[in-house]
Amino acid sequence: MKNIINVAQLAKRFGTTDVLNGIDLTIQEGEVFGFIGHNGAGKSTFINMLTGIINKSSGSFEIIGTSDQQLDDVKAKIGVMPDISNLYDHMKGIQFLRYMGKLAGDTRTKQDYIALMKDIGLEGAEKKKIKAYSFGMKKKISIAQALLGNPSLIILDEPTSGLDPESAINIRKLIVDLQQQGKTILLTSHNLDEIDKISDRVGILSDGKVKKLGTPDELKNNTSSELSVAIRTNPTLTSQKLAELSANWDFNVQFVTTKKKYVVVNVPHDNDIAKLSKELIHSGFQLFELRMEQQSLEDVFINSK
Amino acid sequence: MDTGEPEEFRGGECIMVHILWREFTDSFKSIRSILIILFLTFISYQSASFFENNPGLVEEFFSTGGAESSIYTAAISLIVLMFGFLFVFAISHDIINKEIEMRTIRLLVTKIPRWQIVIGKFIGILLFWVVTILISYVILTVISGTWHFLDYLQTILFLFYAISFVLFISTIVLKSKLTMFLGIILGISLPIVGLVSVFSDKWYMIPFKYLLPYNYMENASFSMLILLIIGIAYLLISVVIMRRRDL
Ligand SMILES: Nc1ncnc2c1ncn2[C@@H]1O[C@H](COP(=O)(O)OP(=O)(O)OP(=O)(O)O)[C@@H](O)[C@H]1O
Ligand SMILES: [Mg+2]
């Protein structure tokens, strides 16, 4: 696979604060890459450097085979939705898109623009002034303008934040569609479920560095080698009782937490789960439920701090 | 307004033509610019009619050595000299900083090179003035019977300078409220300072003499090219500043 973005030791400092200090990252052609990190981690700063909104402090990057010094040459192939940008409020939706389309070298007809607005969930808002759009509608039209001019790389900074669930699902579908058309997508989001679902690879940004990098599954499996099990019993198992009982067991059980009626424990191996259930029943507990706790990207995220 | 854009420029290189065209058409849409156009047109018409109805005055002017053309265009030339900066500021003081304030500039810089944004906007505004002044000159031509090309060129060169200066101010001062205020101050003071500096020999007036356009306006000569050069310098500095800026 070809690299479409190649970042080496890219750094940004605002005044005396180092926001990013040495990002190394490659993004491959055709993948959906999800970038996560807490508020102020520097995701937008990173994206803004890649897209020519702000200047780098040091380091370098290559994008679509072109060095950052020649970024102007490839702007036509990159579609961008920046984190904050106002739209031209006085324009009507369709007029705005046609203007953006011209700047992006788009050749579609007026009918195609109307179709695009429909696809993005803005049917009927074509003739409305952007001033009168709701937050979510503005978000949608910002996404739409990033798709103009048939870019091969699409960079979206929090495309679904603030959208209603249905619209967010539509945008996720759209992203998957775009990937199937062969496009590369770099996006950020605070919705970790979303990132988990649609990203081929994920990067976690923290302390100005890419702290973790991999497929969602790799990240989830890497966090701990232990298996998490949630148990629901009658009477309800307490941590105290568990400690008492497990003292006599020939395998390790580690209490993690209680969640409502469940007790979550960690065990090292698969067969310990079988042993655990046997021992609990043996000790007079009625075992109602025993299920594997999936590591979520959220756990990975929390642990990466 | 989204009709009439030239279709043949849809290549990567000439994308700035769309910025230019939008700036040009938007310029006509404000009340301020319509008032300015009406005002200039009215003055040209009135002054030309006045001289047309008083041929004695024209002959007298002639016999004292004046060129015929200058008397018809005197009014409009004078108004542009005195109010040109004010007018250009009024219409375009926020040409750059408004987009930075609103962050709409981000939609532009991710699509086209920054120099094309600056230059595209400049040419759009220049074109607005070329057309506006042309309207006045067409009226003058119809009434006086001659086309006063050199006077037209001189007025446009003055405006070329004024527009690049205003664009420069809008690039270095990032608050549009401030440039509106500055525009009024500079629009009034620049002509005064400029004209005084032409006739003054005080040392502190020298920079104004050579940096402001008034010294180069006395006659339609080669020195008017200096206006072009200073104007281009303002534009280049603006482009450099824009390229370095985080938006
Ligand atoms: N123009 C600027 N001047 C000074 N500091 C800035 C500027 N832009 C961003 N920062 C700082 O850089 C840091 C990273 O900001 P950035 O917007 O990249 O974070 P983020 O990861 O996108 O956060 P969020 O999830 O809230 O969008 C923050 O501490 C912010 O205050
Ligand atoms: Mg952000």
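Across the stretch A:92-115, a minimum of one residue is classified as open to solvent by 20 Å² or more (accessible area, probe 1.4 Å) and of a type in the set (A, V, I, L, M, F, W, C).
Among the residues of the stretch A:27-45, just one is open to solvent by 10 Å² or more (accessible area, probe 1.4 Å), more than 9 Å from ligand 2 (Cβ to nearest atom) and within 21 Å of A:ILE302 (Cβ to Cβ), namely A:HIS38.
How about the stretch B:107-121: which of its residues are under 19 Å from A:GLN145 (Cα atoms) and open to solvent by less than 10 Å² (accessible area, probe 1.4 Å)?
First pass over the stretch B:107-121, keeping only residues under 19 Å from A:GLN145 (Cα atoms): B:107-114, B:117.
Residues satisfying the conditions are B:LEU107, B:LEU108, B:VAL109, B:THR110, B:ILE112, B:ILE117.
Taking the stretch B:114-233 as the region of interest, the helices (runs of 4 or more DSSP H) fully inside it that hold 2 or more residues being in contact (Cβ under 8 Å) with a residue 60 or more places away in the chain are B:114-144, B:149-172, B:176-199. The set of residues in the stretch A:134-166 that are touching a Gly at 6+ places or on another chain (Cβ under 7 Å), under 18 Å from A:LYS102 (Cα atoms) and open to solvent by 10 Å² or more (accessible area, probe 1.4 Å) comprises A:LEU147, A:GLY149. Evaluate the stretch A:60-73: report whether one residue or more is within 12 Å of chain B (Cβ to nearest Cβ), of a type outside the set (Lys, Arg), under 19 Å from A:ASN170 (Cβ atoms) and part of a helix (DSSP H, G or I). No: zero hits.
Kindly indicate which of A:ILE84, A:ILE23 is within 12 Å of another protein chain (Cβ to nearest Cβ) and within 15 Å of ligand 1 (Cβ to nearest atom).
Just one listed residue meets the conditions, A:ILE84.
Summed over the stretch B:196-240, residues that are open to solvent by 50 Å² or more (accessible area, probe 1.4 Å), of a type outside the set (D, E, K, R) and either over 20 Å from the mean Cα position of the chain (by Cα) or within 14 Å of chain A (Cβ to nearest Cβ) (or both) total 7. Flag: A:ILE78 does not match the condition of being within 12 Å of ligand 1 (Cβ to nearest atom) and at pLDDT 95 or above.
Of all the criteria given as (1) more than 14 Å from every other protein chain (Cβ to nearest Cβ); (2) modelled with pLDDT under 75, the one not satisfied by B:PHE50 is (2).
In the set (1) polar (S, T, N, Q); (2) touching a helix residue (DSSP H, G or I) at 6+ places or on another chain (Cβ under 8 Å); (3) at pLDDT below 65; (4) over 23 Å from B:THR146 (Cβ atoms), B:SER27 fails one condition alone, (3).
Here is the figure for the stretch A:74-117: residues that are hydrophobic (A, V, I, L, M, F, W, C) and assigned to a strand (DSSP E or B) total 3.
Of all residues in the stretch B:1-19, those that are under 17 Å from A:GLN95 (Cβ atoms) and modelled with pLDDT of 80 or more total 2. A:LEU213 meets each of the listed conditions (1) under 25 Å from A:LEU20 (Cα atoms); (2) open to solvent by less than 40 Å² (accessible area, probe 1.4 Å) apart from (2).
For the stretch A:244-255, give me each residue that is in a strand (DSSP E or B) and either buried (at least 16 other Cβ atoms within 10 Å of the Cβ) or small (Gly, Ala, Ser) (or both).
Let us first name the residues in the stretch A:244-255 that are in a strand (DSSP E or B), namely A:254-255.
Result: A:PHE255, single match.
Taking the criterion of being β-branched (Val, Ile, Thr) and buried (at least 21 other Cβ atoms within 10 Å of the Cβ), the residues of the stretch A:46-63 that qualify are A:ILE47, A:THR51, A:ILE53, A:ILE63. I'd like the full set of residues that are within 7 Å of ligand 1 (Cβ to nearest atom) and either under 14 Å from A:LEU187 (Cα atoms) or aromatic (Phe, Trp, Tyr) (or both), limited to the stretch A:29-45. Scanning the stretch A:29-45 gives A:GLY37, A:GLY42, A:LYS43, A:SER44, A:THR45. Would you check if there is a residue in the stretch A:73-85 being more than 15 Å from A:LEU186 (Cβ to Cβ), surrounded by fewer than 17 Cβ atoms within 10 Å (Cβ to Cβ) and away from ligand 2 (no atom under 16 Å from the Cβ)? Within the stretch A:73-85, one or more residues are more than 15 Å from A:LEU186 (Cβ to Cβ), surrounded by fewer than 17 Cβ atoms within 10 Å (Cβ to Cβ) and away from ligand 2 (no atom under 16 Å from the Cβ).
The values are calculated or read from the model by the stated rules, or taken from the named source; none is laboratory data. The structure presented is a predicted model; accordingly, all values stated were derived computationally and were not measured. Cβ: placed from backbone, ideal geometry, glycine included. Neighbour counts: every protein chain shown. Quick note on the areas: whole protein, heavy atoms, side chains included, nothing else; ligands and nucleic acids left out. Shrake-Rupley method; radii C 1.70, N 1.55, O 1.52, S 1.80 Å.
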